1. Can you give the % of DSSP beta bridges in the chain that are antiparallel, to the nearest 5?
2. What is the packing order of peptides 14-25, 139-150, 77-88, 171-182, taking the mean over residues of other C-beta atoms within 10 Å and listing the highest first?
3. If I stretch the segment between LEU8 and VAL171 completely, what's the gain in nm (0.36 nm per residue apart, minus their alpha carbon distance), one decimal?
4. Can you give me the relative contact order of region 102-144 as a percent, contacts being Cα pairs under 8 Å and 6 or more apart?
5. For the chain, what is the mean residue ellipticity at 222 nm derived from helices alone (per DSSP H run of n ≥ 4: -39500 (n - 2.57); sum divided by total residues; nearest 500 deg cm²/dmol)?
6. Would you please put 104-115, 183-194 in order of how densely packed they are, using the mean number of other Cβ atoms within 10 angstrom per residue and starting with the highest?
7. I want to check the label-to-label distance for ALA73 and LEU19. Put each point 7 Å from Cα in the C-beta direction and report it in nm to one decimal.
8. 7 Å from Cα along Cα→Cβ at both ARG144 and GLU123: what's the point-to-point distance in nm?
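Rule-based calculations on the coordinates, nothing more; no lab input. Keep in mind the model is a prediction, meaning the values are calculated, not measured. Positions of Cβ are backbone-derived with ideal geometry, glycine not excepted, and every protein chain shown enters the neighbour counts.
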Amino acid sequence: MDTAKNTLRQRFRARRDVLSPQVKADADEHLVISLANTDLHDHFSASPGALIAAYVPVGTEPGSIAVLDTLLAGGWDVLLPVVVPGPPAPLEWARYSGPASLRTGRFGLLEPIGPTQAPSAVERSDVVLVPALAVDRQGVRLGRGAGYYDRSIAGVPRERLVAVVYDEELVDQLPAGPFDVPMGWALTPKTGFTRLGTT
Ligand SMILES: Nc1nc2c(c(=O)[nH]1)N(C=O)[C@@H](CNc1ccc(C(=O)N[C@@H](CCC(=O)O)C(=O)O)cc1)CN2
Ligand SMILES: Nc1ncnc2c1ncn2[C@@H]1O[C@H](COP(=O)(O)OP(=O)(O)OP(=O)(O)O)[C@@H](O)[C@H]1O
């Protein structure tokens, strides 16, 4: 199972590695539009002022700081993950209050400088945007392979969990592992929100 997942990770990574800056920028712009429009409120029945857990994209991960700023401008409270020292453990969380509030943390990831909140903070979120390399139509998500998110989101209702991927990374089937937490939605640049696991 792990070999199968690792082979798939390499394959999806290789595709991201050759994304042109223009394609990436267009995709990020579309994500901003999806999140700025009413989709979020329609799908999650959460009003501005509600809490959304997001992530700061690195490399060719879909999304941008502009996505985070769009959420802030829309009145959302935004939480970002903080990786704690040591072996993989549940993520801690801290509030995003703008690009100046970020500093480089573990693995070169940007993290908020403000006070951190316990891992359970994510369970108060109305929406959780989860980074992924791919997701399938049943909701099985392929992540980086360290298990940080699977350790962190098991207590979040599925219908609040959104895997953010490029359109080609929403696929028919991925191998599922025992700890995989199923996603309720995919968010892709071209299609916006797609409900997962309902057929
Ligand atoms: N933008 C973003 N933030 C995120 C995640 C993510 O996938 N994307 N995570 C999703 O889980 C968590 C961090 N998970 C990570 C897991 C492994 C590595 C990584 O690069 N590991 C290297 C070892 C680097 C080192 O030891 O210094 C490796 O595996 O080779 C980075 C982040 C939380 N924040
Ligand atoms: N809740 C958990 N408790 C203990 N081990 C876990 C848990 N979740 C995942 N793991 C372990 O972490 C490793 C990576 O898991 P998996 O392949 O599901 O990662 P992933 O979902 O791709 O990564 P991530 O969640 O970091 O994006 C595996 O060895 C898995 O057994």
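1. Numbers: 14 of 28 bridges.
Here the antiparallel bridges make up roughly 50 percent for the chain.
2. Values: 14-25: 11.8, 139-150: 19.2, 77-88: 16.8, 171-182: 14.2.
Top to bottom by mean Cβ count within 10 Å: 139-150, 77-88, 171-182, 14-25.
3. Numbers: separation 163, 0.36 × 163 = 58.68 nm, distance 1.16 nm.
Extra length from LEU8 to VAL171 when fully extended: 57.5 nm.
4. Numbers: 26 pairs, mean separation 8.7, N = 43.
Relative contact order comes out at 20 percent.
5. Details: 5 runs with 52 residues, N = 199.
Helices in the chain give a 222 nm mean residue ellipticity of -8000 deg cm²/dmol.
6. Numbers: 104-115: 14.0, 183-194: 20.6.
With the highest mean Cβ count within 10 Å placed first, the list reads 183-194, 104-115.
7. 2.1
8. 2.5
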